[in-house]
C-alpha cells in the first residue's frame, strides 16, 4: 500500500511515473480484494478498470473535467483516488463509503448512479448545459460493453453524437455483461477487437463519432497516450478500450460471471457451499420440469441470471428455451408479451429494483394487450440496500395497472401453486412477488383456485382486530396475533391476502360485524400500496385501519433493524399502536 498511502487526490496521481502508477494499480487491487472479502461488493468490474481509472485521473482534471461512470460497478478505483481510500483500506471505514457514485461523498461524483446504461445520457446533459453556459472543460462518460445493450445507451449515443462540442465516451469492453454478452451488437465489438478497431463496420462511427481503439486496455502508457489525444476535443469522440474483467485475481478471470459480485468471505477456502432448498432452486426445478413436458415454456432474464439462480448449467439445459435479452428490461417485457400473444409460455425473472424501468411496457405492451405472460419479481422487500437498489416500490408500480394480477405467496407451496396456475392460464398477465428470505414450507398442499381473483384466505378466525399480512409479512402477522393474545387477550383474525392487485370486498364487509380495527402489513412502500386499498374500502365506515410498511423515501444502507423500528414493523411496536387505537 506504499503508493496508495500517498494518494489523497487526483493531483497526487499526476506526480507519479509509470512504474509508480503500476505499483498503485496493485495497491488498489489489493484494497478491492480485502474490502469485498470483508463486506461484499462488485469485484471483477473494478479489478478490470484500475489502469484506465489511473490514466483518466492522470490526463484529465476532475472535478473540473467531469466523469460519469455507468452503473458504478467500476467506481472503486475512482473512489480511492478521489480522497476516499480509507473506505477501502480501513475496515472500520468500509461501510461509510458506498459502492456507487455518490455526490454526498465527493465533488468528483456528479450523480447518484446505480442502474445501468445511463452514463451517456447523463453526460450528454452535462455537456449541453456546459455549452449553453459558454464553459470549457471535458465531459467523459465511461460505459461497459454490457451496458451497451440497454436502450437508453442507444438513445444517449444518438443524441450525444450531434452535440458538436467536447464529449468523450470510453467503452470499457471486457467481453462480458454480468453473464455473457447477448445480441447482435457484440459481433461488431468482436470484429473491432480482431481488426484493432480498423474494420469498416463500426457501430460508433455509424452515429458519427470519431473513434479510437486501445487493445491494451490494462496498459497505463497506452491509455495515457489515447486519452491525451482526445483531451479538449471539440467534437464527440469514442475511445474503445479492451480490458480484462477480474484482472489481478485469477479466479475472477477464470469465472467472470461468478466473480462479478461477491458476498463476504470469498477468499476463505472453507467458504460455506452447502446447497439448501431456496425459492431460486425450486423455481429453476419447476421451469426445467415444465419445459420437459411443454416446449413452449421459455425463461427470460435481462442480464442478471445469477440473481435468481439461473446458473450456466440451468441455462444450458434449457437451450433455445432460455433468452438473455441483455440489460434491456423494457424489451424483456415486450418480448414476453409477444411470446405469450403467440401461444408460448414465457417466464420473465427480474429484480424489483429493475422492474421500475419497464412501466410503459407493463402498461402498454403487456397489460393493455392482456398477454398472459408470467413475471417473477425478486428481492421485493424493505432492506439495508443502498439508495439505487431499493426494492420497495414494485407493489405500487405493478398493482395499479389494469389487467395485471399481482400475487404474494407466503410459502413454497403457495408459490409453486401460483406459478403453475400463471403459466397454464391464458386470461391475464400475472406477476408473482417471489418471497424474500429463507424458504418456508408447510408441507401442506395449496388447493387455492387462483382463477377466482382477489379471494383472501382467513387463516385463523377471531374478532375485534383483523390482521392482513401480505406476502413476506404474513409471518410477522402471525407474531402480532400471538402477541395480541398474550398482552391484550385479544383473539384476532389472521388473513393471508395472496392477491395484491385487488380486494376481497365480501370478506372486508363481513369484518365490520365483529371487528373494530384492521391492520395491514406489507414489505414495501405504503404510498399507493396494498394497505391503502383496504383503507379506501373502509373510508366511509366506522372501521379503523392502520397501514404498516415503508415510508416513501430513499434510504441508503440503513440497517434493517433500524428501518423496522422507524416504520413500527416489530410485533411490540405494532401491538402498542393497536392498543392506542382500540
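One residue alone among 424, 413 is outside the structural domain of residue 505 (by TED's automatic domain parsing) and either out of contact with any strand residue (DSSP E or B) (no Cβ under 9 Å at 6 or more places or on another chain) or crowded, with 24+ Cβ neighbours inside 10 Å (or both), and that residue is 413. The residue pairs whose first member lies in the range 456-475 and is at positive phi, whose second member is in a helix (DSSP H, G or I) and surrounded by 24 or more Cβ atoms within 10 Å (Cβ to Cβ), and whose beta carbons are closer than 8 Å, counting only pairs six or more residues apart or on different chains, do not exist in this structure.
Could you go through the range 551-567 and let me know if any residue there is in a strand (DSSP E or B) and outside the structural domain of residue 405 (by TED's automatic domain parsing). No; the residues of the range 551-567 include none that is in a strand (DSSP E or B) and outside the structural domain of residue 405 (by TED's automatic domain parsing). Might you let me know whether the range 27-37 holds any residue that is more than 28 Å from residue 154 (Cβ to Cβ), at pLDDT 95 or above, over 29 Å from the mean Cα position of the chain (by Cα) and assigned to a helix (DSSP H, G or I)? Within the range 27-37 (the criterion being more than 28 Å from residue 154 (Cβ to Cβ), at pLDDT 95 or above, over 29 Å from the mean Cα position of the chain (by Cα) and assigned to a helix (DSSP H, G or I)), the answer is yes, since at least one residue qualifies. Would you mind stating whether residue 387 is out of contact with any helix residue (DSSP H, G or I) (no Cβ under 8 Å at 6 or more places or on another chain), surrounded by fewer than 19 Cβ atoms within 10 Å (Cβ to Cβ) and under 25 Å from residue 307 (Cα atoms)? Yes; evaluated as a whole, the condition is true for this residue. Do we find that residue 441 is in contact with a helix residue (DSSP H, G or I) (Cβ under 6 Å, 6 or more places away or on another chain) and exposed (fewer than 15 other Cβ atoms within 10 Å of the Cβ) in this structure? Considered against the rule, which asks whether it is in contact with a helix residue (DSSP H, G or I) (Cβ under 6 Å, 6 or more places away or on another chain) and exposed (fewer than 15 other Cβ atoms within 10 Å of the Cβ), residue 441 comes out as yes.
You will find that of 111, 67, the residue that is crowded, with 22+ Cβ neighbours inside 10 Å and either outside the structural domain of residue 45 (by TED's automatic domain parsing) or not in a helix (DSSP H, G or I) (or both) is 67 and no other. Residue 319 meets each of the listed conditions (1) within 19 Å of the chain's Cα centre (by Cα); (2) assigned to a helix (DSSP H, G or I); (3) without any contact (Cβ under 8 Å) to a residue 60 or more places away in the chain apart from (1). Consider residue 224 carefully, then state whether it is in contact with a strand residue (DSSP E or B) (Cβ under 8 Å, 6 or more places away or on another chain) and either at pLDDT 95 or above or assigned by TED's automatic domain parsing to the domain that holds residue 316 (or both). Considered against the rule, which asks whether it is in contact with a strand residue (DSSP E or B) (Cβ under 8 Å, 6 or more places away or on another chain) and either at pLDDT 95 or above or assigned by TED's automatic domain parsing to the domain that holds residue 316 (or both), residue 224 comes out as no. Can we say residue 327 is at pLDDT 95 or above and in contact with a helix residue (DSSP H, G or I) (Cβ under 7 Å, 6 or more places away or on another chain)? The answer is no for residue 327. Residues that are within 20 Å of residue 476 (Cα to Cα) and under 21 Å from the mean Cα position of the chain (by Cα) were ranked within the range 395-410; the one that is surrounded by the fewest Cβ atoms within 10 Å (Cβ to Cβ) is 407.
Condition check ((1) touching a residue at least 40 places away in the same chain (Cβ under 8 Å); (2) within 29 Å of residue 8 (Cβ to Cβ); (3) in a loop (DSSP other than H, G, I, E, B)) across all residues:
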residue	(1), (2), (3)
92	no, yes, no
95	yes, yes, no
98	yes, yes, yes
104	no, yes, yes
117	yes, no, yes
128	no, no, no
137	yes, yes, yes
142	yes, yes, no
152	no, no, no
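Conditions tested, residue by residue: (1) outside the structural domain of residue 118 (by TED's automatic domain parsing); (2) touching a residue at least 60 places away in the same chain (Cβ under 8 Å); (3) farther than 20 Å from residue 286 by Cβ.
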{"position": "335", "(1), (2), (3)": "yes, no, yes"}
{"position": "339", "(1), (2), (3)": "yes, no, no"}
{"position": "349", "(1), (2), (3)": "yes, yes, no"}
{"position": "353", "(1), (2), (3)": "yes, yes, yes"}
{"position": "367", "(1), (2), (3)": "yes, yes, yes"}
{"position": "372", "(1), (2), (3)": "yes, no, no"}
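Checking 79, 14, 85 one by one, the residue that is crowded, with 20+ Cβ neighbours inside 10 Å and free of Cβ contacts under 8 Å to residues at least 60 places away in the same chain is 79 and no other.
Restricting attention to the range 374-385, the residues being within 14 Å of the chain's Cα centre (by Cα) and free of Cβ contacts under 8 Å to residues at least 60 places away in the same chain number 1. Candidates 537, 548: the one that is crowded, with 17+ Cβ neighbours inside 10 Å, in contact with a strand residue (DSSP E or B) (Cβ under 8 Å, 6 or more places away or on another chain) and either at pLDDT 95 or above or not assigned by TED's automatic domain parsing to the domain that holds residue 480 (or both) is 548.
Yes/no matrix, rows are residues, columns are (1) touching a helix residue (DSSP H, G or I) at 6+ places or on another chain (Cβ under 8 Å); (2) surrounded by fewer than 22 Cβ atoms within 10 Å (Cβ to Cβ); (3) over 26 Å from residue 398 (Cα atoms); (4) outside the structural domain of residue 402 (by TED's automatic domain parsing):
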| position | (1), (2), (3), (4) |
| --- | --- |
| 461 | no, yes, yes, yes |
| 468 | yes, no, no, yes |
| 471 | no, no, no, yes |
| 475 | no, yes, no, yes |
| 487 | yes, yes, yes, yes |
| 495 | yes, no, no, yes |
| 498 | yes, no, no, yes |
| 503 | yes, yes, no, yes |
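The values are calculated or read from the model by the stated rules, or taken from the named source; none is laboratory data. This is a predicted model, so every value here is computed, not measured. Every residue, glycine among them, receives a Cβ derived from its backbone with ideal geometry; neighbour counts consider all protein chains shown.
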